[in-house]
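Trainee: The following block contains the structure, expressed as structure tokens.
Bear in mind these aren't lab numbers, they're just calculated from the coordinates by the rules spelled out. Here the structure is a predicted model, which means the values were calculated and not measured. With ideal geometry, Cβ positions are generated from the backbone for all residues, glycine too; neighbour counts draw on all protein chains shown.
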Amino acid sequence: MRYVRIPKERVGVIIGHNGETKQAIEETARVRIEIDSEEGEVTIADQNAQDPLIGLKVEDVVRAIGRGFSPEAAFRLFREDTELYIFDIYDYAAKTESHLERVKARVIGRDGKTKRVIESITGASVVIYGHTVGLIADFEGMDIAKRALDMLLAGSQHPTVYRFLEREMKKVRLGI
């Protein structure tokens, strides 16, 4: 048994229209999921699963949906080469609303440009929700996207981060 707590306002997304998302997770992973919509508690019964790691994957899928990802983006986590990483903005900024909004705006960029650049260069999915920044990417893009987001959250200038992304992905494409 595994337990994941998610925000109550995201419970409906995990359940999906007529239970479709919950059912899709259960069928894909061959697990049973119980959702306490009052507490936001999700219980994953994975003892009948054939893959011993499937419980961890389902936990990540549920956590990703809880942190603002669409079910389609979260389902990428069922692939072997894809992982989830969550940044807590409070690790980088004071716990005030103005600091939180400022740091979130840095990650998003003007008209969403910074978020789009990170996603297009690394192939990652980036979601800003509450006081967290979520990242879903394959192993190759994950390290680069994590370092780029870390740089932004720590206060690096946008052009510096863009140059870093381009340089690192060029290395990946050339096999350096």
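Trainee: Would you kindly state how much longer the chain becomes between I86 and R163 on full extension, computed as 0.36 nm times their sequence separation minus their alpha carbon distance, in nm to one decimal?
Mentor: 25.4 nm
Trainee: Subtracting the Cα-Cα distance from 0.36 nm times the residue separation, let me have the gained length for A45 to F78 in nm, one decimal.
Mentor: Value of the extension gain: 10.2 nm.
Trainee: Could I have the simple spin-label model distance between R116 and V172, label points 7 Å from Cα toward Cβ, reported in nm to one decimal?
Mentor: 2.0
Trainee: Sequence neighbours fewer than 8 away in the same chain don't count; with that in mind, list the lysines whose C-alpha is under 18 Å from K146.
Mentor: K104, K113, K115, K170, K171
Trainee: Over the alpha carbons of segment 82-174, what is the largest minus smallest coordinate on each principal axis, giving the biggest first in Å?
Mentor: 43, 27, 21
Trainee: Throw me the Rg/Rh for segment 39-107, computed over C-alpha atoms with Kirkwood Rh, two decimals.
Mentor: That ratio equals 1.09.
Trainee: Which value in deg cm²/dmol, rounded to the nearest 500, describes the helix-derived mean residue ellipticity at 222 nm for the chain, given -39,500 (n - 2.57) per DSSP H run of n ≥ 4 and division by the residue count? Before the final figure, lay out the partial values.
Mentor: Values: 8 runs with 87 residues, N = 176.
Result for the chain, helices only: -15000 deg cm²/dmol.
Trainee: Using alpha carbons only, how many degrees (0 to 90, rounded to 10) separate the axis of helix 158-174 from the longest principal axis of the chain?
Mentor: 70
Trainee: Moving on. Mind checking Rg over Rh on the chain, alpha carbons, Kirkwood formula for Rh? Spell out each step's value before the answer.
Mentor: Numbers: Rg = 17.3 Å, Rh = 17.1 Å.
With Rg and the Kirkwood Rh in hand, the quotient comes to 1.01.
Trainee: Could you work out the mean projected area of the convex hull around the alpha carbons of segment 1-40, in square nanometres to one decimal?
Mentor: Numbers: hull surface 11.2 nm².
For segment 1-40, the mean projected area of the Cα convex hull comes to 2.8 nm².
Trainee: Using only the alpha-carbon atoms of segment 1-87, report the extent along each of the three principal axes, biggest first, to the nearest angstrom.
Mentor: The Cα atoms of segment 1-87 stretch 30, 28, 22 Å along their principal axes.
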